[in-house]
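In what follows, a single structure is set out as structure tokens and then discussed.
The values are calculated or read from the model by the stated rules, or taken from the named source; none is laboratory data. Remember, predicted model here, so these are calculated numbers, not experimental data. Cβ placement follows ideal geometry from the backbone for every residue including glycine, while neighbour counts extend to all protein chains displayed.
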Amino acid sequence: MIILCSNGLTSGELLQEAGKYAKKGGKAALIVTADPQYKEKNYHVDRCLRALSYLGLEADVFDFDTQPAEALSQYDVAELIGGNPYYLLDSIRKHDAGDALGRIAREGLLIGWSAGALVLQKTIALIGSYLPQLNFLGLQDLTGLGLTDIQILPHYSKQLKKDASVEEKCQKYERDNHCTVLRLNDGEGVVLEEEPRVVRCSMKVEVAGVEFQNPLIAASGTFGFGREFSELYPLSVLGGVSCKGITIKERPGNPPPRVTEAPGGMLNAVGLQNPGVDHFIKEDLPWLSRQGTRVIANVAGSTPEDYCETAEKLGGTSVDMIELNISCPNVKQGGVQFGTTARGVEDITKAVRKHCKKPLMVKLSPNVTDISEMALAAEAAGADAVSLINTLTGMRIDIRTRRPIIRNNTGGFSGPALLPIALRMVWQTAQKVKIPIVGLGGISTWQDAVEMLLAGATALQIGTVLFTEPYAPIKIAQGLRAFMEEQGIKDLGELTGGVRPW
């Protein structure tokens, strides 16, 4: 069996397809042969190994430049990684690896992505139409391994953004060679069964010009920077990660106790403990940006200047979007929160907008009279999207000591009990704003997710449930796909705002 794809198993759909043909307990070879320069900075290796391990495979790194091709006989699965297709094809020929790869394709599972997918085809000539500079070897014979008649153009949407003429060049190639080229975006692929079957991302959504492979985003403050959860599953199964709240300087957070259980959820007053934006950019973002998922930087502050400076520092980084957390104390206004008045929302959004080069999403507090008015204020000030709801202010008391359980006295209440309130607020907001809404608050199951979409959300954030069920996003995604199939829904956008009020 062969799976051709664009950027590895970077979607739940592709992982699911590979899982059908990869026997748990089997051995997998991640073939990393690449030109020397790329090999030194090949950051895909760790991500791909995690994906293969997630499928229940014992995965090894394998390189034709240092290991004999015959050694592939002990493997049931091989994944041929991306890189330079000219170098990869030349290396496979020099090391007589074609037969070994063909055997795995016939008897096991062979995954080829990007350059790895191109060399499995009859020719790699297509790559010369738009990236001829990669042929630094001066390779004349561009005949591939011929394991499939399918020809693909990987990273299609990314290539278009870099070069608007890619589509025209591809069409010319098709005309000149009397063939059809399959355009594949990251997260998509083709399974070469008796009849080739294209695998698309059925739950793809777009928020403020940013494309998410599915609508499920890990909510800020519940997922850290993703390292711990990456030990359980590839982060590429998520649409995105909204990082732990980031401030201009490191913050130690509030003194403990700062978390406690509550009926239907939890109460927290962690106090935005974080390492500061400079540490995030240097230490956390490089790793996170290589995990095959969208990265949203959640920004907090105490003054407008803090917000603006943090947003400006993030402007030249790889983050895909900035989420403005405006529920933090405004020291200059005597502790009043930015997000509790429409004027406050408008002023802070307008100020940050001038310094923010990324799509800007404003996270709204539910501790207000009318959250839809806050959303309108954010939209008028230049926000590209809004996310709601943040936590409700709550309190618990130890009846023996008669003191609040949380040292901060009050904290943010989150969890399943918030869902009805969040649904109502998202629905009200959707009636007024034109910008996309990312819905959150109490989503724990796929049924909750459908409700939130129907209320008017384009995408979703999953938070508190992760503490008790870290695999919740995977289960929710599976439930959503099954529901779409049952209902004959082709595009998840059909659900957004689909509620029919009495």
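Among the strands (runs of 3 or more DSSP E) confined wholly to the stretch 349-422, which include 3 or more residues that are of a type outside the set (Val, Ile, Thr)? Show your work before the answer.
On the way: elements: 360-363, 385-388, 392-394, 411-414.
In the stretch 349-422, 360-363, 385-388, 411-414 are the strands (runs of 3 or more DSSP E) which contain 3 or more residues that are of a type outside the set (Val, Ile, Thr).
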(request) Filter the stretch 131-189 for residues that are on the phi > 0 side of the Ramachandran plot and either over 30 Å from the mean Cα position of the chain (by Cα) or outside the structural domain of ALA105 (by TED's automatic domain parsing) (or both) and give the result. (result) GLY138, GLY146, HIS178
(message) Take the conditions assigned by TED's automatic domain parsing to the domain that holds LEU52 and surrounded by fewer than 16 Cβ atoms within 10 Å (Cβ to Cβ) and apply them to GLU193. Does it pass?
(response) yes
(request) Return the residue satisfying two criteria in turn: it lies in the stretch 235-273 and is surrounded by fewer than 17 Cβ atoms within 10 Å (Cβ to Cβ) and among the charged types (D, E, K, R), and of such residues it is nearest to THR391 (Cα to Cα). (result) GLU261
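Here is a check on your reading of the model: is VAL465 out of contact with any Pro (no Cβ under 8 Å at 6 or more places or on another chain) and surrounded by 15 or more Cβ atoms within 10 Å (Cβ to Cβ)? It would help to see each step written out before you state the result.
Numbers: out of contact with any Pro (no Cβ under 8 Å at 6 or more places or on another chain): no; surrounded by 15 or more Cβ atoms within 10 Å (Cβ to Cβ): yes.
Criteria not met by VAL465.
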(request) Output the number of residues of the stretch 379-426 satisfying the condition of being touching a strand residue (DSSP E or B) at 6+ places or on another chain (Cβ under 6 Å) and free of Cβ contacts under 8 Å to residues at least 40 places away in the same chain. (result) 4
(message) Looking for something outside any strand (DSSP E or B), over 15 Å from MET203 (Cβ atoms), in the same structural domain as LEU376 (by TED's automatic domain parsing) and within 16 Å of the chain's Cα centre (by Cα) - is there at least one such residue anywhere in the stretch 437-455?
(response) no
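Using the structure shown, decide if LYS172 is more than 17 Å from LEU118 (Cα to Cα) and modelled with pLDDT under 90. Show your work before the answer.
On the way: more than 17 Å from LEU118 (Cα to Cα): yes; modelled with pLDDT under 90: no.
Against the criterion (more than 17 Å from LEU118 (Cα to Cα) and modelled with pLDDT under 90), LYS172 does not qualify.
Here's the yes/no breakdown for (1) of a type in the set (Gly, Ala, Ser); (2) outside any strand (DSSP E or B); (3) over 25 Å from LEU232 (Cα atoms):
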| site | (1), (2), (3) |
| --- | --- |
| ILE248 | no, yes, yes |
| PRO255 | no, yes, yes |
| LEU267 | no, no, yes |
| GLY271 | yes, yes, yes |
| GLU283 | no, yes, no |
| TRP287 | no, yes, no |
| VAL295 | no, no, no |
| GLY301 | yes, yes, yes |
| GLU305 | no, yes, yes |
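Might you let me know whether the stretch 144-158 holds any residue that is among the aliphatic types (A, V, I, L, M), in contact with a Phe, Trp or Tyr (Cβ under 6 Å, 6 or more places away or on another chain), without any contact (Cβ under 8 Å) to a residue 60 or more places away in the chain and under 25 Å from ASP176 (Cβ atoms)? Give the steps one after another, and end with the answer.
Our first condition is that a residue be among the aliphatic types (A, V, I, L, M); within the stretch 144-158, this holds for 145, 147, 150, 152-153.
Next cut, in contact with a Phe, Trp or Tyr (Cβ under 6 Å, 6 or more places away or on another chain) only: none.
No: zero hits.
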(request) Check the stretch 475-491 and report whether any residue there is touching a residue at least 24 places away in the same chain (Cβ under 8 Å), farther than 20 Å from GLU211 by Cβ, loosely packed, with under 15 Cβ neighbours inside 10 Å and touching a strand residue (DSSP E or B) at 6+ places or on another chain (Cβ under 7 Å). (result) no
(message) Would you confirm whether or not the stretch 98-108 contains a residue that is more than 26 Å from ARG200 (Cα to Cα), in the same structural domain as ARG47 (by TED's automatic domain parsing) and either in contact (Cβ under 8 Å) with a residue 60 or more places away in the chain or of a type outside the set (D, E, K, R) (or both)?
(response) yes
(message) Criterion first (modelled with pLDDT under 95, on the phi > 0 side of the Ramachandran plot and buried (at least 22 other Cβ atoms within 10 Å of the Cβ)) does GLY221 satisfy it?
(response) yes
(message) Quick test for you: out of ALA51, ALA59, ALA71, ALA18, pick the one residue that is among the small types (Gly, Ala, Ser) and touching a Pro at 6+ places or on another chain (Cβ under 7 Å).
(response) ALA51
(request) Please find, among ARG294, ARG290, the residue that is of a type in the set (Lys, Arg), under 30 Å from LEU15 (Cα atoms) and modelled with pLDDT of 95 or more. (result) ARG294
(message) List the residue pairs whose Cβ atoms are under 7 Å apart, where the first residue sits in the stretch 274-300 and is surrounded by fewer than 17 Cβ atoms within 10 Å (Cβ to Cβ), the second is in a helix (DSSP H, G or I), and the two are 6 or more positions apart or on different chains.
(response) ARG290/ARG47
(request) Working only within the stretch 45-68, note down all residues that are modelled with pLDDT of 90 or more, closer than 29 Å to GLY138 by Cβ and buried (at least 18 other Cβ atoms within 10 Å of the Cβ). (result) PHE62
(message) Tally up the residues in the stretch 459-485 that are at pLDDT 95 or above, charged (D, E, K, R) and part of a helix (DSSP H, G or I), please.
(response) 1
